[in-house]
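Below you'll find the structure, written out as structure tokens, and then a few comments.
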Amino acid sequence: MARDARGVTPQSQDFSAWYNEIVLRAELVDRGPVRGTMVIRPYGYRIWELLQADLDRRIKQTGHVNAYFPLLIPQSYLQREAEHVAGFAPELAVVTHAGGRELEEPLIVRPTSETVIGEMMAKWISSHRDLPMLLNQWANVVRWEMRPRMFLRTTEFLWQEGHTAHADEPDAMRETLLALGLYAEVCAEMAAMPVVTGEKTPGERFPGARRTYTLEGMMRDGRALQAGTSHYMGTNFAEVFDIRYATPSGELAHCHTTSWGMSSRLIGGVIMTHGDDKGLVLPPRLAPHQVVIVPIARGEEAERVLASARELADRLVRAGIRTHLDDRPQLSPGFKFNDWEMRGVPIRLELGPRDLAAGTALMSDRLAERKSPVPLASLEARLTDELGMFQGLLLRRATEFRDRRTVTVHEWEEFAAAVATGWARALHCGRTACEDDIKAATAATPRVVPAAGEPDEGACVRCGMPSVYGRRVLFGRAY
Ligand SMILES: [Zn+2]
């Protein structure tokens, strides 16, 4: 297999191999001892922290409060909601022994927390004055994975799960769409990932949900990645967990609940939205190091250049720019350039004796071919601008890429061609059997009924029966 100078398989040759190599080489993760688990290394974990802090701020700003519920859930809780248990059964890790003996009731390692939170909501909610109840939890969950992929599908992953209870459907639906909107903002503003938002078709709904909403991003191999989901549960969980409240007139009514989640999977989305054959390309807002300084000098000048580089790094850090000085001795500048390029650092500064004499540094960004000298005196302001522009450039580039590879199709032949390299906008009959047939023929599934889609109807692209969504559905192969 042909490889480039640094030994990474090119995306065009084998995207999956490229991804698997990059996550390890960039030191984002390592394999855990149990199959399907991942160790998130400091460089990868920093990306998660940046994402987590931003999303947490948005969640709190919209009136939600954080709580923490137990990892272990009684098996009987999951069995109460029939669809829920059927959906999760194949992925459950079950604890049967503890404290040296067999347990009377097996315990489930949480795959999600609707049940345990539902049980508590039933206890905490009694009156309409207790509503809405807006809870969020940051936690790890376990879903046994048969085909693990780092960040995308791991047996254990990190996420937040919002769980809310409301007096009626309109309020719960507002909440469901509010969470979807928060996620779309995080994708665009932090991850520079354009997403299409809208509802899932019934066949793709969360087990136990009445309606499921999603955000879908296109990766550089044309596949879709679900970046988060938000569910309106109706009164399904309220009925089985007895979450009821007294209305102002004193009658008892079931709450309408929602749940919504975004996970460490989004980091996989960032890697596959922006990365190239040289490695990662990180959006500045999620980059552990936004700027790396590489001092270039030998012999007597080395100490002087290094001292100036330290001073510069301190200045930039004080200005709020995440700056890293690569002062590793014995490594050549060329090696360092390649290393930080592979690890996706947005901006690199080179500093040598001649630059210092001229009062400049040599700046290059992760996508540009050229380097340009920038004055040291006003570097804070210049870099803040450059980082903002780079963030914007990534979002535009990803949006153009997605739009180029999204095709409105009318015939089945066009459909099959479109989903081989990207997404197809097609009319669909809404039947699960027809979705299954499409999946068997092309590996594509309905990703989302776009909220912003224009009204359209006609014959199903596959079976010719009348379309049902009043607009076109986006189909694609997915992670
Ligand atoms: Zn059909």
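The values are calculated or read from the model by the stated rules, or taken from the named source; none is laboratory data. Values in this document were obtained by computation on a predicted structure and should not be read as measured data. Every residue, glycine as well, gets a Cβ built from its backbone with ideal geometry; the counts of neighbours run over all protein chains shown. Side chains are part of the model used for accessible areas, which takes the heavy atoms of the whole protein and leaves out ligands, DNA and RNA. Shrake-Rupley method; radii C 1.70, N 1.55, O 1.52, S 1.80 Å.
Structure values in brief
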quantity: Filter result (out of contact with any Leu (no Cβ under 7 Å at 6 or more places or on another chain) and open to solvent by less than 80 Å² (accessible area, probe 1.4 Å)) within the range 95-106; calculated: ALA98, LEU103, GLU105, PRO106
quantity: Counted residues, the range 413-448 - those being more than 11 Å from the ligand (Cβ to nearest atom), among the acidic types (Asp, Glu) and surrounded by 15 or more Cβ atoms within 10 Å (Cβ to Cβ); calculated: 1
quantity: Residue count, the range 226-285 (criterion: part of a strand (DSSP E or B), within 30 Å of ALA368 (Cβ to Cβ) and open to solvent by less than 10 Å² (accessible area, probe 1.4 Å)); calculated: 2
quantity: Within the range 118-163, tally of residues that are aromatic (Phe, Trp, Tyr), closer than 17 Å to VAL29 by Cα and open to solvent by 40 Å² or more (accessible area, probe 1.4 Å); calculated: 0
quantity: Matching residues in the range 294-343 - criterion: being β-branched (Val, Ile, Thr) and either touching a residue at least 24 places away in the same chain (Cβ under 8 Å) or more than 20 Å from LEU383 (Cβ to Cβ) (or both); calculated: VAL294, ILE296, VAL305, ILE321, THR323
quantity: Test for GLY217: is it open to solvent by less than 30 Å² (accessible area, probe 1.4 Å), part of a strand (DSSP E or B) and over 25 Å from ARG110 (Cβ atoms); calculated: yes
quantity: All positions within the range 341-386 that are among the hydroxyl-bearing types (Ser, Thr, Tyr) and under 16 Å from LEU282 (Cβ atoms); calculated: SER364
quantity: Residues satisfying the stated conditions in the range 269-317, i.e. within 26 Å of VAL196 (Cα to Cα) and among the aliphatic types (A, V, I, L, M); calculated: VAL270, ILE271, MET272, LEU280, VAL281, LEU282, LEU286, ALA287
quantity: Of the criteria (1) more than 13 Å from the ligand (Cβ to nearest atom); (2) among the hydrophobic types (A, V, I, L, M, F, W, C); (3) over 30 Å from GLN290 (Cα atoms), which one LEU395 fails; calculated: (3)
quantity: PRO111 open to solvent by 20 Å² or more (accessible area, probe 1.4 Å), of a type outside the set (D, E, K, R) and free of Cβ contacts under 8 Å to residues at least 60 places away in the same chain; calculated: no
